[in-house]
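K.L.:
Can you keep this structure in mind? I'll have questions shortly.
The values are calculated or read from the model by the stated rules, or taken from the named source; none is laboratory data. This structure is a prediction, so every number in the text was calculated from the model and none was measured. With ideal geometry, Cβ positions are generated from the backbone for all residues, glycine too; neighbour counts draw on all protein chains shown.
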Ligand code: GLY
Ligand code: MN
Ligand code: MN
C-alpha cells in the first residue's frame, strides 16, 4: 500500500520526508487515540494539518506535518483534518484527506485519497477534505465542547465558530451542541510529555544521528573555515544518516557570535584563537535531537576560555545529575544556576554571598535563558513546566535538554555589572545534552559526544 508517495509502514525513504507512519506501527497511533477518547468525554477534537509554507513568493518549503495530527494518526499529507467525536456512537474518528486528483498529483506527488484511509489508519471513516465545509458543523452537533486551537486556521475556525453559533441557537431548545472551545493541548500536551516506547525509539535515533553528525564534522574545524561550511557539513551528515531535516535552524556562531543566543546567519569565517558554538539537531521520524558543543577553533582552549568552559561544563554535569523521577524540573535549573554562580565567584566575575546572589538571580546577565526544555516531536516540546503554581515533577519517560551557558557579549561591558568580567569579553559557551528521565534516574541520550575540555580539544584534533 502506498501513501504520500512512500510505502506505508515501510523503511523506504530513510530521510523520512513524506512516509506515512514514519516507521511507527499503526498500533502506536491507535493507543494514543484511545487515550484521547478517555479524556474527551462527550467533547470533540478538531485537528487540522499544518499549512504548506512558502518562502520568497510561491516557492513551497518542504512540507513538515503537524505534530499533533501526526501523533494521533501517522498521516503526513497536507490539507487533512482529524475529527474525534467522543460523544458519538458512530463515525467517532474521521480523517479528512485530499481527494485523488491525477492533474494535481502530477505536480506534487501521489495522494492516498479517502477510500483506503480507514483500513490503513484505523479510523472509522475517511472522507474528502472537500466535504469538510458542509459537514463539520453538523458533525460537531452533540459535542458538549470542542477542542480546537484558535488563531491558526482562519477558514476552519469559521466552521467551528458556525457550529458554536448553531449550537447556541438550537441548544436552548434541544440541549445539544458545543458551548465552549478548549485548546487540544489541554489533552495532548500531557500525553506527549510522557513518551511511549515508540517515541523513545525515534528520539534515540534522532539523538544518535545528531551525535554522529557532530562527531563527523568537528575535525573539520580550523581557522578560516566558514560558519556556513560547518553548517552545510553537519546538515549533510544528518541527512546522510537518515534525518529528514535539521530539527531547527542550525547555529554555528564563532567568536562574538557565540554570544547571540539564536544566531542563524552562519556567515562569518572562524578565526584562530576563537571559540565556535554549534547548536544543531537532526529530525528523524518527526522527532528532534538538540545538541550544543562549544569548541576552540585552533583545537586548544585559551586559559580564559578554558576557565569559562569548565564552569559551564560543571553546571551541565551537576544539572544532569539532579535529574530523576520525583524531582521538580525547576530544581534542575536551580542546580545549574547555583553551579554557575559558584563558578562566576571563582572567576572573579561576581563577588558576595552565594545564597544572596542566587536569591537575586545574579547569573542573569551572563546566563539569560533557562537550563531545560522538553524535547520530542517539537524541539521545544509541549507540556507545562509549572502546574497550579508548582514546578512539574519529573517522571520516567519525560525527555528534556540540559543546556547551561555563559555569555560575555561586548554589550555587557557598557553595563557597570560587567566590569569585572572584562577578561572574558567576547566569550560565549553553551553545552547541551538530551536526557531521558529513567525509572531510577536518567539516561543521557547524547552521552557519546564528549563534553570535557581535553576530549573536546581532541575532537577538533590539532
Ligand atoms: N537551539 C534551540 C535550543 O537549544 O533550545
Ligand atoms: Mn539547542
Ligand atoms: Mn535546546
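K.L.:
Of the residues 118, 99, 114, which is touching a helix residue (DSSP H, G or I) at 6+ places or on another chain (Cβ under 7 Å) and not in a strand (DSSP E or B)?
P.N.:
Details: 118 fails: touching a helix residue (DSSP H, G or I) at 6+ places or on another chain (Cβ under 7 Å); 114 fails: touching a helix residue (DSSP H, G or I) at 6+ places or on another chain (Cβ under 7 Å).
Within the list 118, 99, 114, the selection yields 99.
K.L.:
Here's something else I'd like to know. When you go through 401, 379, 446 one by one, which is the residue that is in contact with a helix residue (DSSP H, G or I) (Cβ under 7 Å, 6 or more places away or on another chain), within 16 Å of ligand 3 (Cβ to nearest atom) and on the phi < 0 side of the Ramachandran plot? Show your work before the answer.
P.N.:
Numbers: 401 fails: in contact with a helix residue (DSSP H, G or I) (Cβ under 7 Å, 6 or more places away or on another chain); 379 fails: in contact with a helix residue (DSSP H, G or I) (Cβ under 7 Å, 6 or more places away or on another chain).
Result of the check over 401, 379, 446: 446.
K.L.:
For residue 206, indicate whether it is surrounded by 22 or more Cβ atoms within 10 Å (Cβ to Cβ) and free of Cβ contacts under 8 Å to residues at least 60 places away in the same chain. Talk me through it step by step, then tell me what you get.
P.N.:
Values: surrounded by 22 or more Cβ atoms within 10 Å (Cβ to Cβ): yes; free of Cβ contacts under 8 Å to residues at least 60 places away in the same chain: no.
No; evaluated as a whole, the condition is false for this residue.
K.L.:
Now, a different point. Listed residues 261, 188, 203, 234; which is within 16 Å of ligand 1 (Cβ to nearest atom) and under 30 Å from residue 31 (Cα atoms)? So that I can check it myself, show each step before the final result.
P.N.:
Numbers: 261 fails: under 30 Å from residue 31 (Cα atoms); 188 fails: within 16 Å of ligand 1 (Cβ to nearest atom); 234 fails: under 30 Å from residue 31 (Cα atoms).
From the options 261, 188, 203, 234, the qualifying one is 203.
K.L.:
Further, regarding this structure: Does residue 409 meet the test of being under 21 Å from residue 339 (Cα atoms), within 15 Å of ligand 1 (Cβ to nearest atom) and in contact with a helix residue (DSSP H, G or I) (Cβ under 9 Å, 6 or more places away or on another chain)? Spell out the reasoning first.
P.N.:
Working: under 21 Å from residue 339 (Cα atoms): yes; within 15 Å of ligand 1 (Cβ to nearest atom): no; in contact with a helix residue (DSSP H, G or I) (Cβ under 9 Å, 6 or more places away or on another chain): yes.
It is false that residue 409 is under 21 Å from residue 339 (Cα atoms), within 15 Å of ligand 1 (Cβ to nearest atom) and in contact with a helix residue (DSSP H, G or I) (Cβ under 9 Å, 6 or more places away or on another chain).
K.L.:
Whether any residue in region 281-289 is within 16 Å of residue 229 (Cα to Cα), surrounded by 24 or more Cβ atoms within 10 Å (Cβ to Cβ), at pLDDT 95 or above and more than 14 Å from ligand 3 (Cβ to nearest atom) is what I want to check.
P.N.:
The answer is no, given that none of the residues of region 281-289 is within 16 Å of residue 229 (Cα to Cα), surrounded by 24 or more Cβ atoms within 10 Å (Cβ to Cβ), at pLDDT 95 or above and more than 14 Å from ligand 3 (Cβ to nearest atom).
K.L.:
Oh, and also: Identify all residues within region 134-148 that are without any contact (Cβ under 8 Å) to a residue 40 or more places away in the chain and either touching a strand residue (DSSP E or B) at 6+ places or on another chain (Cβ under 9 Å) or surrounded by 13 or more Cβ atoms within 10 Å (Cβ to Cβ) (or both); write none if there are none.
P.N.:
Kept after step one, since they are without any contact (Cβ under 8 Å) to a residue 40 or more places away in the chain, are these residues of region 134-148: 134-135, 137-138, 141.
Of everything in region 134-148, those that are without any contact (Cβ under 8 Å) to a residue 40 or more places away in the chain and either touching a strand residue (DSSP E or B) at 6+ places or on another chain (Cβ under 9 Å) or surrounded by 13 or more Cβ atoms within 10 Å (Cβ to Cβ) (or both) turn out to be 135, 137, 141.
K.L.:
Return the residues of region 440-453 that are in contact (Cβ under 8 Å) with a residue 24 or more places away in the chain and assigned to a loop (DSSP other than H, G, I, E, B); say none if nothing qualifies. Before you say what the answer is, go through the steps one by one.
P.N.:
Restricting attention to region 440-453, the residues satisfying the condition of being in contact (Cβ under 8 Å) with a residue 24 or more places away in the chain are 440-442, 444-446, 448-449, 451-453.
Passing the criteria: 440, 441, 445, 446, 448, 449, 451, 452.
K.L.:
In region 102-111, how many are more than 15 Å from residue 60 (Cβ to Cβ) and either touching a helix residue (DSSP H, G or I) at 6+ places or on another chain (Cβ under 7 Å) or part of a loop (DSSP other than H, G, I, E, B) (or both)?
P.N.:
Number of matching residues: 2.
Conditions tested, residue by residue: (1) within 16 Å of ligand 1 (Cβ to nearest atom); (2) over 23 Å from the mean Cα position of the chain (by Cα); (3) closer than 27 Å to residue 342 by Cβ.
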position: 380; (1), (2), (3): yes, no, no
position: 396; (1), (2), (3): no, no, no
position: 430; (1), (2), (3): yes, no, yes
position: 454; (1), (2), (3): no, yes, yes
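K.L.:
Which of the residues belonging to region 75-90 are assigned to a loop (DSSP other than H, G, I, E, B) and over 20 Å from residue 24 (Cα atoms)? Working first, answer last.
P.N.:
Residues of region 75-90 that are assigned to a loop (DSSP other than H, G, I, E, B), as a first pass: 75-80, 86-90.
Scanning region 75-90 gives 79, 86, 87, 88, 89, 90.
K.L.:
Check whether at least one residue in region 237-245 is within 16 Å of ligand 2 (Cβ to nearest atom) and in contact with a helix residue (DSSP H, G or I) (Cβ under 6 Å, 6 or more places away or on another chain), and report yes or no. Give the derivation first.
P.N.:
Going through region 237-245, the residues within 16 Å of ligand 2 (Cβ to nearest atom) turn out to be 238, 243, 245.
If we keep only those that are in contact with a helix residue (DSSP H, G or I) (Cβ under 6 Å, 6 or more places away or on another chain) too, we end up with 238, 243.
Among the residues of region 237-245, at least one is within 16 Å of ligand 2 (Cβ to nearest atom) and in contact with a helix residue (DSSP H, G or I) (Cβ under 6 Å, 6 or more places away or on another chain), which makes the answer yes.
K.L.:
Right, something else. Within region 360-374, which residues are within 16 Å of ligand 3 (Cβ to nearest atom) and in contact with a helix residue (DSSP H, G or I) (Cβ under 7 Å, 6 or more places away or on another chain)? Please lay out each step first, then the result.
P.N.:
The first filter runs over region 360-374 and keeps only residues within 16 Å of ligand 3 (Cβ to nearest atom), leaving 367-374.
Passing the criteria: 367, 370, 371, 372, 374.
K.L.:
Ok, one more. Mind checking which pairs have a first residue in region 152-172 that is more than 15 Å from residue 134 (Cα to Cα) and a second that is at pLDDT 95 or above, Cβ under 6 Å, 6 or more apart or different chains?
P.N.:
Between residues of region 152-172 that are more than 15 Å from residue 134 (Cα to Cα) and residues that are at pLDDT 95 or above, the close pairs are 153/48.
K.L.:
Do we find that residue 19 is over 20 Å from residue 148 (Cα atoms), in contact (Cβ under 8 Å) with a residue 24 or more places away in the chain and either crowded, with 22+ Cβ neighbours inside 10 Å or in contact with a strand residue (DSSP E or B) (Cβ under 9 Å, 6 or more places away or on another chain) (or both) in this structure?
P.N.:
Details: over 20 Å from residue 148 (Cα atoms): yes; in contact (Cβ under 8 Å) with a residue 24 or more places away in the chain: yes; either crowded, with 22+ Cβ neighbours inside 10 Å or in contact with a strand residue (DSSP E or B) (Cβ under 9 Å, 6 or more places away or on another chain) (or both): yes.
Yes.
K.L.:
What number of residues within region 138-151 are at pLDDT below 95 and farther than 12 Å from residue 85 by Cα?
P.N.:
The total comes to 0.
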